[in-house]
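Structure, as C-alpha cells:
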Amino acid sequence: MAQAKIHAKMNEGDKNSKFSRSMSMADRSGRLLESLDQLELRVDTLREAASALEQEKESLLEMINSIQSSQDMRSISDGEREELSLTASRLLGRTLTVEVSVETIRNPQQQDALSKATSIVDEIAGEILDDLEGGRKRLLSLLAACVTEAPPVPIDQKFQSIVISCALEDQKKIKRRIETLIRNVDNSGKTIRIMDHQKLNGQKVNKSLQ
C-alpha cells in the first residue's frame, strides 16, 4: 500500500516536471519569436535606408551630369568653364566611390521578366540620340505601363505585362530609370533647340554684316 503511494507521488512529480519544462520551452520559443520579429523590422529598415541611398546617388549623378552638359556651362568664359568642369568631375568621382547595393530576391519568372524589361529600355536608350522625339514618345509609353493612374499617352501593353511580372522592387527601379531617361531627353532637347537658335541668330548677324 505504501509502495503504491510512493509510485503515485513519483508519477505526479514526473507530470509536474514535464508540464514545467513544456511551459519553459513555450516561453523560450515566444521570446525567440519576438526577437526575430524585432530583427525583421530592423532588416526592413536597413533595406529601405539602403534603397534611399541608392536613389540619392542616382539623383546626385544625374544633377552633376546635368550641370556638366547645361547651356550655362557654354555661356561662361573658358577659364571659368574649366574650373567648374574640374569641380564637377571631382564631385562625380567622389559620388562614384560610394557603393550601395540592395539585392532583390527573385524567382526564375521574375528574373526573366527583369531581363526582358531591361533589354527593351536599353534598346530605346541606345537609339534615342538618333531620334529624340520618337524616343521620348516610346519612353512615355513605357512609363505609362509602370503607373496606376490613367496616363494621357498610349500604354505599351507588351511592356506592361512584362513589368507586372517583375519583383516589386524591380518595378520601382525600372520606373525610376525611365523617368531619368525622359528628363535627360528633355534636357538634351532644350540644349539642341538653344544651339539651333544661336546658329540661326549667328546666320542673321552674318547676313546683316554682308
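The values are calculated or read from the model by the stated rules, or taken from the named source; none is laboratory data. Computed from a predicted model, the values in this text were never measured in an experiment. Counting neighbours? That spans all protein chains shown, and the Cβs are built from the backbone with ideal geometry, glycine included. These area figures cover heavy atoms from the full protein model, side chains too; ligands, DNA and RNA do not enter into them. Shrake-Rupley method; radii C 1.70, N 1.55, O 1.52, S 1.80 Å.
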(request) Give the stretch 120-160 a look and list any residue that's among the hydroxyl-bearing types (Ser, Thr, Tyr) and either in a loop (DSSP other than H, G, I, E, B) or open to solvent by 70 Å² or more (accessible area, probe 1.4 Å) (or both), or say none. (result) Thr148
(request) Answer with yes or no whether Ile76 is β-branched (Val, Ile, Thr), open to solvent by less than 100 Å² (accessible area, probe 1.4 Å) and not in a helix (DSSP H, G or I). (result) yes
(message) Just the residues that are over 14 Å from Ile120 (Cβ atoms) and either in contact with an Asp or Glu (Cβ under 7 Å, 6 or more places away or on another chain) or open to solvent by less than 50 Å² (accessible area, probe 1.4 Å) (or both), please, taken from the stretch 161-175.
(response) Ala167
(request) Select from the stretch 105-119 the residues that are open to solvent by less than 90 Å² (accessible area, probe 1.4 Å) and in a helix (DSSP H, G or I) and list them in ascending order. (result) Gln110, Gln111, Asp112, Ala113, Leu114, Ser115, Ala117, Thr118, Ser119
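Within the stretch 121-159, how many residues are of a type in the set (Gly, Ala, Ser), more than 16 Å from Ile174 (Cβ to Cβ) and within 21 Å of the chain's Cα centre (by Cα)?
1
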(message) Contact list please: Cβ distance under 7 Å, first residue in the stretch 93-109 and touching a residue at least 40 places away in the same chain (Cβ under 8 Å), second residue of a type in the set (Lys, Arg), pairs at least six apart or on different chains.
(response) Val98/Lys57; Val100/Lys57; Val102/Arg47
(message) Which condition from (1) over 22 Å from Ile182 (Cβ atoms); (2) open to solvent by 70 Å² or more (accessible area, probe 1.4 Å) is the one that Gly93 breaks?
(response) (2)
(message) With the structure loaded, tell me whether Val102 is open to solvent by less than 50 Å² (accessible area, probe 1.4 Å) and either in contact with a strand residue (DSSP E or B) (Cβ under 6 Å, 6 or more places away or on another chain) or on the phi < 0 side of the Ramachandran plot (or both) or whether it fails that test.
(response) yes
(request) Report, ordered by the first and then the second residue, all pairs with beta carbons closer than 9 Å, sequence separation of six or more or different chains, a first member in the stretch 33-46 that is free of Cβ contacts under 8 Å to residues at least 12 places away in the same chain, and a second member that is among the polar types (S, T, N, Q) and surrounded by 10 or more Cβ atoms within 10 Å (Cβ to Cβ). (result) none
